[in-house]
Amino acid sequence: MNFKFLRITMISFIVTLLGTACTPKATPTPVDIMGTAVQLAAVMLTQTVEAYPPTPLPPTETPTPNFTDTPIATPTQAEPPKRPGTTEFTGCWTGPGPTYTLISNIEPKKYVNVIGIGSEPGWYVIRNPYFNNPCWIEIIHLKIDPNMDFSVFPVMTPGP
């Protein structure tokens, strides 16, 4: 009898477990995540604004402007010299002449910056307008402002 009772108890226990495992679970109520986040953000912004009162700026004194006479330009003041420009399509070399490597060709009417005077007569060293490195250009291909002072530029020799 004991064995029969135990067997019936075990079977009813297993049936109860299977019955509860197979029953549908209660559906949770949906949560509006975006609405909750917006509400939370609104609360946080309100609390932040209320937490820190604005600090008034200290009063400042506005100085009274002093008026001075505007200097009048005199006709003796010379305007700065214009940058040299190429007169025709020309090469820009690593040294004076075609025995050196050609870096680039420069188109006509291109403004250039002189950075030195070449040690070879008739050559200037300029900043290459395309690659921004030094290169040599023959003086006959440049239009130079007569007011330009070349004594401020160093004399440069070509590299090996």
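Only the coordinates and a few stated rules stand behind these numbers; no lab work does. Please read these numbers as outputs of a predicted model, since none were measured by experiment. Note that each Cβ is placed from the backbone with ideal geometry, even for glycine, and that neighbours are counted across all protein chains shown.
Screening residue 100 against (1) surrounded by fewer than 17 Cβ atoms within 10 Å (Cβ to Cβ); (2) of a type in the set (Phe, Trp, Tyr); (3) not in a loop (DSSP other than H, G, I, E, B) leaves a single unmet condition, (3). Across segment 78-97, the number of residues qualifying as farther than 18 Å from residue 149 by Cβ and outside any loop (DSSP other than H, G, I, E, B) comes to 5.
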